[in-house]
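See below for the structure under consideration.
The values are calculated or read from the model by the stated rules, or taken from the named source; none is laboratory data. The structure displayed is predicted, hence computed values, not measured ones. Every residue, glycine as well, gets a Cβ built from its backbone with ideal geometry; the counts of neighbours run over all protein chains shown. Please note that ligands, DNA and RNA were not included when accessible areas were found on the heavy atoms of the full protein model with its side chains. Shrake-Rupley method; radii C 1.70, N 1.55, O 1.52, S 1.80 Å.
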Amino acid sequence: IGGSLRLTFADVPLGKVIRGYAGLSYFLARDGLGTPVELKDFAGDRELGRYEHHDEWGFREFEFATGDFAGTTQNVDFEIRSELPSKRDFCFTAETF
């Protein structure tokens with residue numbers, strides 16, 4: 001049980017932070033019965049941060065500091081995971097500042 005998806009964005013010019021918003025479909029999450037969804041962010045091979053989303057949160061902001069990657073260009077990966085991924089229609093947006 002459990003599933004994950006990894007998305008890679010190549011050659012991203014990084015600022016000081018990666019900031020975004022994440023959420024789940026209200027129709028599927030309104031009863032609050034789903035397992036949390038974890039979003040991990042990586043630059044190169046280093047984890048920048050983790051965000052855990054719960055059904056009842058709606059669309060919520062997250063932010064990860066880029067540390068010494070600020071001012072460089074890196075591959076940026078997002079890994080999305082949930083213990084019971086069925087009906088976990090998770091979406092997110094992210095940008096760097």
Quiz item: Please identify the GluC sites (Glu not before Pro) of the stretch 1-91 that satisfy two criteria: DSSP loop assignment and at most 14 other Cβ atoms within 10 Å. Which are they?
Solution: GLU83
Self-check item: Additional length obtainable on full extension of the chain from SER25 to GLU83, 0.36 nm per residue less Cα span
Solution: 19.1 nm
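Keeping the other protein chains in place, figure out the carbon and sulfur percent of the accessible area of the chain, with a 1.4 Å probe.
Numbers: 2980 of 5870 Å².
Answer for the chain: carbon and sulfur cover 51 percent of the accessible area.
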Quiz item: Label 7 Å along Cα→Cβ of PHE9; the stretch 32-61 residues with amide nitrogen under 19 Å?
Solution: 38-53, 59-61
Quiz prompt | Where the chain is the region considered: accessible area per residue in Å², 1.4 Å probe | solution = 61
Quiz prompt | Read-out semi-axes √(5λ) of the Cα gyration tensor in Å, derived from the coordinates shown; its label in (1) 26, 13, 9; (2) 21, 17, 10; (3) 24, 14, 12 | solution = (1)
Quiz item: Roughly how big is the chain's charge dipole about its Cα centre, with Cβ charges of +1 (Lys, Arg) and -1 (Asp, Glu), in debye to the nearest 20?
Solution: 100
